[in-house]
1. Could you work out the helix-only [θ] at 222 nm for chain B, with each DSSP H run of four or more residues adding -39,500 (n - 2.57) and the total divided by the number of residues, to the nearest 500 deg cm²/dmol?
2. Over the Cα atoms of region B:54-177, each weighted equally, I'd like the Debye log10 I(q)/I(0) at q = 0.12, 0.15, 0.16, 0.20 Å⁻¹, rounded to two decimals.
3. Under the definition of Cα pairs under 8 Å and six or more residues apart, what whole-number percent is the relative contact order of region A:79-143?
4. Given a cut-off of under 8 Å on Cα pairs at least six residues apart, what relative contact order in percent is computed for chain B?
5. Name the lysines eligible as straight-distance cross-link partners of B:K34: C-alpha to C-alpha under 19 Å, and not fewer than 8 places from it in the same chain.
6. Amide H to amide H under 5 Å from A:T16: which residues, 5+ apart in sequence or cross-chain, H placed 1.01 Å off N in plane?
7. With Kirkwood's inverse mean 1/r over C-alpha pairs for Rh, give me the Rg to Rh ratio of chain A, two decimals please.
8. Starting at the first residue of region B:132-137, write each ³J(HN,Hα) from the Karplus equation 6.51 cos²θ - 1.76 cosθ + 1.60 with θ = phi - 60°, in whole Hz, x for Gly and Pro.
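Every number here is computed from the coordinates shown, using simple stated rules; none is lab data. Computed from a predicted structure; not experimentally measured. Heads up, the Cβs are rebuilt from the backbone with ideal geometry, glycines too, and the neighbour counts pull from every protein chain shown.
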Amino acid sequence: MPVLKGIDLDIHDNETLVILGPSGQGKTVFIKTLVRLIHPDSGSICYDGEELLTLSHKQLYRFNDRIAFVFQNSALLDFLSVQDNLQLYLLMHKAISPRDLQRRTLEALHFVGLDDDVLDKFPEELSGGMRKRVAIARAMVKRPQYLFYDEPTTGLDQTNAEKISELIKMLKKEISATSIIVTHDIKLMRDVADRVALLKDGLISFVGDRDEVSEQMLDFLYE
Amino acid sequence: MNKSQKFFVGLGDKTIAFFTNVYDMTYLLLQTIKALPRLWFYRRQLIEQIYIFSVKTLPIAAIIAVFIGLGATVQGTYQSSDLLSRAITVNVIFKSTILELCPIVLSLVLAGKLGASLAAEIGSMKISEQIEALETLSLDPVGFLVMPRVVAGLLMLPVITIFANFLAMFSSFFVSAVISEWISPQEFYSGLEMDFKTFEMYFGNLIKPAVYGLMIALVGSHFGLQTSGGARGVGESSTKAVVISAILIVIWDYYLGRLLL
Ligand SMILES: Nc1ncnc2c1ncn2[C@@H]1O[C@H](COP(=O)(O)OP(=O)(O)OP(=O)(O)O)[C@@H](O)[C@H]1O
Ligand SMILES: [Mg+2]
């Protein structure tokens with residue numbers, strides 16, 4: 001059974017697009033498809049006119065340089081310290097001086113509101129909210145052109161969720177990336193979205209500016 | 001569906017699952033070989049795995065080796081001292097211990113220890129999206145996770161086995177010549193030297209554990225990467241990893257033994 005059916009969606013440069021939909025509607029599948037973590041059975045995904053689905057492995061890894069993905073489970077590598085998690089990408093792929101590396105790490109860490117003493121901790125020693133912040137910091141260190149968030153506020157309490165949506169807005173300004181967020185959190189959508197797409201039963205029922213989203217639409221979405 | 005249909009459908013599913021696993025493991029091995037040129041790039045991971053496959057397994061290897069040596073000697077001397085000369089008894093104990101007993105027991109135990117933890121580690125990374133996170137960081141999961149483990153297994157199991165063989169022989173010497181004075185040290189030594197087949201002693205001792213090490217790492221990684229469905233899936237993967245690699249080890253032990261004769 002197909003999870004997603006005939007989705008047609010344009011994403012504009014520098015916007016924050018929120019794809020809103022109830023749980024289990026294929027939001028995670030959709031956002032992972034956008035970066036080819038999941039290969040769709042058919043269709044096309046273009047970035048600046050370049051087809052993603054036909055890229056070779058090498059080209060895909062080069063494309064990955066332009067994106068960063070904040071996973072629903074944060075997905076920090078649990079055998080690495082926070083510092084190594086933040087630095088892994090730059091260490092493995094970029095010729096960067098130790099000083100610059102340290103500077104960029106701390107910059108990202110402070111940006112998400114964490115102190116230097118978490119650097120030596122391991123993911124399992126952090127709270128869920130802190131892990132999410134580290135995941136956002138790890139995305140920031142990459143300085144991506146496109147930022148993907150899968151349910152960034154799910155599983156967090158009100159205060160933490162608000163902090164995360166604040167961070168998403170700040171980060172967007174800081175590195176002026178195009179942000180794509182999938183969530184079922186209406187409040188997050190109202191806080192951060194420029195444009196909104198509503199996803200239900202594997203179809204997009206509406207795309208438009210945030211202010212065009214009416215209560216009826218949301219009622220219909222979550223009925 | 002009636003009973004017989006159910007039986008054949010079940011049989012068919014099992015057969016398909018079996019060949020799918022064989023295919024996937026072969027494919028994983030090929031991918032691992034393809035990732036080998038990137039060994040230097042993944043050197044940090046390799047060093048870490050070498051550490052896990054060697055230093056961390058030495059204590060358990062030492063305990064096993066010492067007691068294999070003791071056990072084999074006690075049995076061997078009791079069972080055959082009336083039939084064979086003492087030097088020949090030592091020779092038989094020596095060869096069966098270091099060519100069969102020690103490598104295979106050690107590999108089976110390490111299949112339990114390393115194979116299970118490897119499958120669980122990779123499996124829990126799989127279900128918590130860490131494998132996908134690696135992809136988005138342009139790190140190939142096979143290069144980053146599987147290849148270092150396979151190489152570490154391939155290189156380190158022979159080392160551990162040699163270490164264990166020495167210990168086993170030492171404990172054998174200790175119990176037969178030092179504690180009980182059943183045999184004199186000179187006789188013991190001449191027993192070791194008898195009909196010494198250099199090729200088997202050196203290469204058989206290296207090749208077999210190398211193959212087992214590769215298999216433990218490959219099978220563990222394979223089932224780890226196949227994990228789905230939460231904590232329970234992780235448990236299932238690590239059980240499968242242990243069972244399958246243990247079966248493969250005993251089968252290969254026979255065929256490699258024949259091949260290397
Ligand atoms: N790799 C995949 N390929 C195809 N289908 C998948 C894949 N992963 C999950 N699915 C299926 O897609 C459906 C939607 O799952 P998905 O995780 O995308 O929902 P979701 O909207 O993100 O839900 P939640 O809000 O709980 O995170 C589920 O029925 C799931 O079984
Ligand atoms: Mg989801």
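1. Calculated from helices alone, the mean residue ellipticity at 222 nm is -25000 deg cm²/dmol.
2. The computed values of log10 I(q)/I(0) come out as -0.56, -0.73, -0.78, -1.02.
3. Relative contact order comes out at 49 percent.
4. 31
5. A:K58
6. A:S179, A:D194, A:R195
7. 0.96
8. Each residue of region B:132-137 in turn: 5, 4, 4, 4, 5, 8 Hz.
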